[in-house]
1. Using a basic spin-label model with each label point 7 Å from the Cα along Cα→Cβ, how many nm lie between Lys163 and Glu148?
2. Please give every one of the aspartates and glutamates within straight-line cross-link reach of Lys91, meaning a C-alpha to C-alpha distance under 14 Å, and leave out same-chain neighbours fewer than 8 residues apart.
3. Of all trypsin sites (Lys or Arg not before Pro) in region 170-215, which ones are in loop regions per DSSP and have a Cβ with at most 14 other Cβ atoms within 10 Å?
4. Residue separation times 0.36 nm, minus the C-alpha to C-alpha distance between Arg105 and Asp195: what's the value?
5. Could you state the orientation-averaged shadow area of the convex hull built on the Cα atoms of region 171-300, in nm² to one decimal?
6. Could you give me the ³J(HN,Hα) list for region 118-134, computed from phi with Karplus coefficients 6.51, -1.76, 1.60 and θ = phi - 60°, whole Hz, x at Gly and Pro?
7. What fraction of the DSSP beta bridges in region 191-308 is antiparallel, stated in percent and rounded to the nearest 5?
8. Which of the pairs Lys163/Lys190; Lys89/Lys294; Lys190/Lys341 have their Cα atoms more than 21 Å apart in this structure?
Amino acid sequence: MRGGTRSGLALGDSRGPKGEDTNTRLSSTLWMPRKCLLLLRSGFKLPVLAQFRDPAGTRRGRPGTMAVSSSSRSLPLVAVCQVTSTPDKEKTFAACSGLVQEAARLGACLAFLPEAFDFIARDPAETLRLSEPLDGDLVNRYARLARECGLWISLGGFHERGKDWEQTRRIYNCHVLLDSKGSIVATYRKTHLCDVELPGQGPMCESSSTVPGPTLGSPVSTPAGKVGLAICYDLRFPELSLALAQDGAEILTYPSAFGSVTGPAHWEVLLRARAIETQCYVVAAAQWGQHHEKRGSYGHSMVVDPWGVVVARCSEGPGLCLAHIDLGYLRQVRQHMPVTKHRRPDLYGNLGRSDLNTCC
């Protein structure tokens, strides 16, 4: 398998499809247009990176991508973790913490965990029983993990007993961002709840146990760039991503648990659309596999660059993928195609700073 990048990096396996070991090979053959593509399964060793050149000796990239000249060596590295949460919180924590530790070992400055990283229950009653407050044991354990590993962690969707728990007996789907000291620097409570009935996937009624969040959050400065927080079903509402981008976001993150029907149909195309229209990096950590007898998830965690190209993707199974965030490239994209300057708020309104409130 071969891949190339504009920066000259490539994955080092040159075997063709017939010669691939399907138990250990990377998930797909991709021309790598941005910086670095590292696709890892649990237990998979980091491949050796080497330059790839065409017979004429020039560096090769994917047709239709923008050229970039900066080196990836100084760029921040982010890790996207793909897990299979279950009702067993201890086993789920062990799996997630192992991936975070691996991300730190590989040099990531920020690790992204998916929605429901804490657990996925069998029914709403079990969900409520297993939920915790933000100052409970589980978030404290992740705060300690962030300190020990020395990296930021995006806890993509925590089943939170809020301050109104005693009155409502319902929870929030809360995205928590921890810094490398283990401090909570931002929270965002999911504003769009997934109440749908899809043939072949079964009904989902998130509002039966969850309260929608009251506000959006402002983007947060991290070692990788300014991150705008969202969760799963929020992906279907471009107004949210545009508001975050106009408030300064450089990275949008959609931790998710897409199902077997919506995943193949909509997951990648929506992520790429959000990246293209906002000219942001999009980071999407996803649940994968069978959580219990009633529910499974699609997986395919990925990172998309501001040109809309998938630059990192997880294979099947729990694991992680890594990508460099190149804000210089982001600025190039925005300079060459200044869509923000071309907007017509006089015709359709303006989604900007006035629409955002800090949510904490």
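The values are calculated or read from the model by the stated rules, or taken from the named source; none is laboratory data. Here the structure is a predicted model, which means the values were calculated and not measured. Reconstructed Cβ throughout: ideal geometry from the backbone, glycine too, with neighbour counts over all protein chains shown. Protein only, heavy atoms only, side chains kept; ligands, DNA and RNA dropped before computing areas. Shrake-Rupley method; radii C 1.70, N 1.55, O 1.52, S 1.80 Å.
1. Once both label points are built, they end up 3.2 nm from each other.
2. Asp118
3. Numbers: sites: Arg170, Lys181, Arg189, Lys190; in loops: Arg170, Lys181, Lys190.
Passing sites in region 170-215 are Lys181.
4. Values: separation 90, 0.36 × 90 = 32.40 nm, distance 3.91 nm.
Using 0.36 nm per residue and subtracting the Cα-Cα distance, I get 28.5 nm.
5. Details: hull surface 33.3 nm².
Answer in nm², one decimal: 8.3.
6. Once θ is set to phi - 60°, the couplings for region 118-134 become 7, 5, 10, 8, 7, 7, x, 5, 5, 4, 5, 5, 8, 5, 9, x, 4 Hz.
7. On the way: 14 of 21 bridges.
Within region 191-308, antiparallel bridges account for around 65 percent of the total.
8. Details: Lys163/Lys190 16 Å; Lys89/Lys294 17 Å; Lys190/Lys341 29 Å.
Checking Cα-Cα distances, Lys190/Lys341 exceed 21 Å.
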